[in-house]
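Okay, structure first, notes after.
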Amino acid sequence: MENLHPETEQQKRLRASRRAVIKLGTGIVTGGDGQFNASHLEPVARTIARLKKEGRQIVLVSSGAVGLGRGRLGLHRDRLNDMVMRQACAAVGQSLLMHEYEKLFQAHGIQLAQVLLTEGDFVDRTRYSNLRETMEALLKLGVLPIVNENDTVSTAELDYLNIRAGERIFSDNDRLAALVMSHIEADLLVLLTDVDGLMQLGPSGSKGGSKEAGAKVIPLVEEITPELKSLAMGPSEGGRGGMLTKLAAAEIAMQAGGVAVIANGTKPDTLGHIFEGEPAGTVFLSKTRMAGKRRWIAYAAGVRGRVIVNAGAREALTGGKASLLASGVTGVEGEFDAAEVVSIVDAEGLEFARGISDYSCGDAQGLIGNGTHGPESGRTSKRATVLVKRDNIVLLDRK
């Protein structure tokens, strides 16, 4: 007999996923009192244990260390507005978080590994490769990696790497989870939060993950549009991220050729429903896949400087087939070495691409600045020099 309800593409991909990154938000991990929320996490642990028995590989990205540290120290939430105090709470909370997870997963015979990451683990290509090898080894050993940002050293490393706050690679665990998912080539990214998913506007005009009556979950997203982002404005109450950061994470997962789900982790059956392909939250389904190196350029690499190009160069680059020649560059800003990632901007300062420069900032300046000196043949040769090869350029969607 013909199946009256054939399996959809999203159901197939959710059921078939063999490697997944699951991110637990602060509202799932801790309660309002800053204590570990075992009632939310016990069903999650049971489901993860079952998934691992089915042969799936799971990585857990967990928020909550700062909240647990604040609870242990008896500090008011307002104290977390101070970066140093956040770092102190993270230092206290990390050990508390791992202790609670050890107790939680011990009953299921699951071995854990703590993986604390910083910006440098993504910016530096050697460390980036080492991270992949370490994660692969842990997964092959059947270990459950529990990932978090190393808050206690991240600010110092940002200064060392010369990364400004507005240029951070990840400033929340949603994006961190997406970058990990992309890096280890996982099939699925699950963002468990305390709302039901991305919500349509309700009668009252409420947005994002509002719990107000009338708001409905958007079940499937195949393209993240400006209109969709407008539904997601506003941070979450307890964590650093909000629905907008979850959309950004879902976009990275889609570019990696995977599936992303934003769903309510306070409901005990949510995680099981997701892996069974049953309705749960908002599913983000990719249509295309960006190659791994290009994803690193677009999302994970630190941008060290920028090159300003003329209209002709922009048109050639956005056409998708051209390298960036010195003749198309009108200015170079910032300090960068050869083989580092630079931002490519137009005359109005709008960034539309990123790429790996073949030259340092000084050499690039020489190529575009010395074109008025010397023999005509020398000028022509320099101006025709490729600054950034086509294969090392990624166009950015700024819709």
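The values are calculated or read from the model by the stated rules, or taken from the named source; none is laboratory data. Just so it is clear, the model here is predicted, and its values are computed rather than measured. Cβ: placed from backbone, ideal geometry, glycine included. Neighbour counts: every protein chain shown.
Here is a yes/no grid of residues against (1) of a type in the set (D, E, K, R); (2) at pLDDT below 90; (3) in contact with a His (Cβ under 8 Å, 6 or more places away or on another chain):
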position	(1), (2), (3)
His5	no, yes, no
Gln10	no, yes, no
His40	no, yes, no
Arg46	yes, no, yes
Val59	no, no, no
Val66	no, yes, no
Gly74	no, yes, no
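Restricting attention to the range 82-119, which residues are polar (S, T, N, Q) and within 17 Å of Ile28 (Cα to Cα)? Let's see the steps before the verdict.
First pass over the range 82-119, keeping only residues polar (S, T, N, Q): 87, 94-95, 106, 111, 114, 118.
The answer is Gln94, and nothing else.
In the range 299-325, what residues are surrounded by fewer than 19 Cβ atoms within 10 Å (Cβ to Cβ) and free of Cβ contacts under 8 Å to residues at least 24 places away in the same chain? Passing the criteria: Gly312, Glu315, Ala316, Gly319. Against the list (1) under 22 Å from the mean Cα position of the chain (by Cα); (2) modelled with pLDDT of 85 or more; (3) of a type outside the set (A, V, I, L, M); (4) part of a loop (DSSP other than H, G, I, E, B), the condition Pro268 fails is (1).
Name the residues in the range 381-396 that are over 13 Å from Ala322 (Cα atoms) and either surrounded by 18 or more Cβ atoms within 10 Å (Cβ to Cβ) or modelled with pLDDT of 90 or more (or both), would you? Talk me through it step by step, then tell me what you get.
Of the range 381-396, the ones over 13 Å from Ala322 (Cα atoms) are 381-383, 396.
Result: Lys382, single match.
Cβ-Cβ distances below 7 Å connect the following pairs, each with a first residue in the range 275-290 that is on the phi > 0 side of the Ramachandran plot, a second residue that is in a loop (DSSP other than H, G, I, E, B) and surrounded by 13 or more Cβ atoms within 10 Å (Cβ to Cβ), and a separation of six or more residues or different chains: Gly281/Asp196; Gly281/Gly197.
Residues of the range 273-294 being charged (D, E, K, R) and touching a strand residue (DSSP E or B) at 6+ places or on another chain (Cβ under 8 Å), which ones? Walk me through how you get there before you give the answer.
The first filter runs over the range 273-294 and keeps only residues charged (D, E, K, R), leaving 276, 278, 287, 289, 293-294.
Selection gives Arg294 alone.
Given the structure, is Arg56 under 30 Å from Arg304 (Cα atoms) and either under 26 Å from the mean Cα position of the chain (by Cα) or of a type in the set (Gly, Ala, Ser) (or both)? Spelling it out, it is not the case that Arg56 is under 30 Å from Arg304 (Cα atoms) and either under 26 Å from the mean Cα position of the chain (by Cα) or of a type in the set (Gly, Ala, Ser) (or both). Yes or no: the range 14-37 includes at least one residue that is in a helix (DSSP H, G or I), touching a residue at least 60 places away in the same chain (Cβ under 8 Å) and surrounded by fewer than 20 Cβ atoms within 10 Å (Cβ to Cβ). Taking every residue of the range 14-37 in turn, at least one turns out to be in a helix (DSSP H, G or I), touching a residue at least 60 places away in the same chain (Cβ under 8 Å) and surrounded by fewer than 20 Cβ atoms within 10 Å (Cβ to Cβ).
Quick check on Val342: is it surrounded by 19 or more Cβ atoms within 10 Å (Cβ to Cβ), closer than 12 Å to Leu387 by Cα, in contact with a helix residue (DSSP H, G or I) (Cβ under 7 Å, 6 or more places away or on another chain) and not assigned by TED's automatic domain parsing to the domain that holds Arg127?
Details: surrounded by 19 or more Cβ atoms within 10 Å (Cβ to Cβ): yes; closer than 12 Å to Leu387 by Cα: yes; in contact with a helix residue (DSSP H, G or I) (Cβ under 7 Å, 6 or more places away or on another chain): no; not assigned by TED's automatic domain parsing to the domain that holds Arg127: yes.
So Val342 does not fit the description; no.
Considering the range 207-229, the residues that are surrounded by 15 or more Cβ atoms within 10 Å (Cβ to Cβ) and at pLDDT below 50 include one that is farthest from Asp397 (Cα to Cα), namely Ser210. Within the range 221-249, residues that are closer than 21 Å to Val66 by Cβ reach partners that are modelled with pLDDT of 75 or more and among the hydroxyl-bearing types (Ser, Thr, Tyr) with beta carbons closer than 6 Å, at six or more positions or on different chains, in the pairs Gly238/Thr26; Gly239/Thr26; Gly239/Ser63.
Keeping to the range 330-356, report how many residues are free of Cβ contacts under 8 Å to residues at least 12 places away in the same chain and closer than 12 Å to Val307 by Cβ.
Residues flagged as free of Cβ contacts under 8 Å to residues at least 12 places away in the same chain and closer than 12 Å to Val307 by Cβ within the range 330-356 amount to 0.
One residue alone among Leu68, Leu104, Leu80 is touching a strand residue (DSSP E or B) at 6+ places or on another chain (Cβ under 9 Å) and over 23 Å from Leu271 (Cα atoms), and that residue is Leu68.
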